[in-house]
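J.: Below you will find the structure I want to go over with you.
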Amino acid sequence: MRTTVTTRRRGNAGVPILHRSLQVLDHLRQCPRGASLTEISRALDFPKNTVYRILNTLCAHDYVRRDEATLLYTLSRKMATLAYDSAQDRGLLENSLDVMRRLRDATQETVVISILDGGEGLVLEQVQSSHPFRFVCDPGTRQLIYASASTKAILAFLPDHERDAALKGVAFKRLTATTITSHAKFDGALAEVRRDGYGVDHAEALDGVHCVAAPIFNHQGFPVAALTITGPAERVPASQFPRFGTLVVEHAAGISKRLGYGLNGKRNGNGHA
């Protein structure tokens with residue numbers, strides 16, 4: 001008796017509806033302002049009834065939310081924090097919130113904590129500025145890896161091979177007059193971060209918005225996150241970057257210490273605390 005064995009290519013293996021669900025999530029990740037059922041169906045070339053069932057299921061489990069006024073779907077806060085929940089330092093937010101509030105009080109600007117996730121920055125939490133006019137970075141906000149103070153702060157202290165992997169294939173597109181548009185200039189910016197201990201966003205992603213960020217290290221000396229202040233250029237001028245940088249580094253170091261950084265004598269390769 002002859003037995004026929006059918007093999008499937010790895011790319012076609014698995015559960016079809018799960019593949020489609022993940023594609024829906026990935027599409028929503030690229031639509032921070034949200035997308036409608038029709039828009040998702042057209043973009044992915046999926047039947048509307050399939051997309052509707054997927055979205056209903058994701059909403060029921062609180063991974064996606066639907067705005068009843070606009071009928072747009074967006075990723076939920078729960079989805080945004082999955083990366084944090086799976087991170088090695090589960091106490092990151094618990095050890096950061098009171099420090100973030102103190103930094104907000106010291107600077108009066110919005111304070112954000114974020115990580116690297118999938119070749120982008122990912123905001124985990126924010127403490128909003130006390131000014132009437134303020135910038136808001138909701139949890140789940142994605143940041144371009146080459147145009148963010150927080151991603152620079154983390155990348156600068158990553159091991160070389162991990163930094164190279166994170167930046168592989170990055171296309172440096174000009175967003176503003178000050179956007180860094182080449183690998184060579186970006187490498188120079190990272191060298192400045194290692195020298196100063198903090199990174200800056202000089203209106204590189206949005207005109208008129210400045211940010212200053214410092215890395216947060218875990219007990220192994222690995223940069224697991226970044227602490228950032230963000231505000232309008234008028235209140236966070238480039239001339240004051242060193243002053244804000246000192247404050248951010250000081251507060252980030254306090255979080256790092258809580259995570260065990262330096263307690264076993266370990267420092268990252270550049271000796272920063």
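J.: So what's the gap between the Cα centers of the stretch 30-61 and the stretch 181-258, to the nearest angstrom?
T.: Using only Cα atoms, the two centres lie 36 Å from each other.
J.: For the stretch 170-239, state the average projected area of the convex hull of the C-alpha atoms over all orientations, rounded to one decimal in nm².
T.: One quarter of the hull surface, i.e. the mean projection, equals 5.4 nm².
J.: Report the net charge of residues surrounding residue 176, where surrounding means a beta-carbon distance below 12 angstrom and charges are Lys +1, Arg +1, Asp -1, Glu -1.
T.: -1
J.: Shifting gears a bit: Which FRET efficiency, nearest 0.05, do residue 131 and residue 42 yield, Cβ-Cβ r, R0 51 Å?
T.: Calculated value: 0.80.
J.: Still on this structure, please answer the following. Obtain the nm distance between the two label points defined at residue 194 and residue 15 by a simple spin-label model: each point lies 7 Å from its Cα along the Cα-to-C-beta direction.
T.: So the label points at residue 194 and residue 15 sit 4.5 nm apart.
J.: Now for a different question. For the chain, modelled as a GNM with alpha-carbon contacts under 10 angstrom, which of 35, 147, 156 fluctuates the most?
T.: 35
J.: If you take every residue apart from residue 51 with its C-beta less than 10 Å away from the C-beta of residue 51, what net charge results, scoring Lys and Arg +1 and Asp and Glu -1? Display every interim value, and only then the final one.
T.: Working: positive: 20, 42, 48, 53; negative: 39.
That works out to +3.
J.: Kindly provide log₁₀ I(q)/I(0) values, in the same order as q = 0.15, 0.16, 0.20 Å⁻¹, from the Debye equation applied to equal alpha-carbon scatterers of the stretch 41-199.
T.: At q = 0.15, 0.16, 0.20 Å⁻¹ the computed log10 ratios are -1.02, -1.11, -1.34.
J.: Give, as a single signed number, the net charge of other residues whose beta carbon lies under 11 Å from the beta carbon of residue 208, with Lys and Arg counted +1 and Asp and Glu -1.
T.: For residues surrounding residue 208, the net value is -1.
J.: Could you estimate the translational diffusion coefficient of the stretch 14-80 from the Stokes-Einstein equation, with Rh from the Kirkwood formula over C-alpha pairs, at 10 °C and 1.306 mPa s, in whole µm²/s?
T.: On the way: Rh = 11.7 Å.
The estimated diffusion coefficient comes to 136 µm²/s.
J.: Which of the trypsin sites (Lys or Arg not before Pro) found in the stretch 144-253 are loop residues per DSSP with 11 or fewer other Cβ atoms within 10 Å of their Cβ?
T.: Passing both the DSSP loop test and the Cβ count: 168, 173, 174.
J.: Could I get the Rg over Rh figure for the chain? Both from C-alpha atoms, Rh via Kirkwood, rounded to two places.
T.: We get a ratio of 1.03 for the chain.
J.: Then there's this: Using a basic spin-label model with each label point 7 Å from the Cα along Cα→Cβ, how many nm lie between residue 185 and residue 95?
T.: Each label point is offset 7 Å from its Cα along the Cβ direction, giving 3.7 nm.
J.: Full extension from residue 234 to residue 168: what is 0.36 nm times the residue separation minus their Cα-Cα distance, to one decimal in nm?
T.: 20.3 nm
Each reported figure results from applying straightforward, stated rules to the coordinates on display, with no laboratory input. The structure displayed is predicted, hence computed values, not measured ones. Note: ideal-geometry Cβ built from the backbone for every residue, glycine included; neighbour counts use all protein chains shown.
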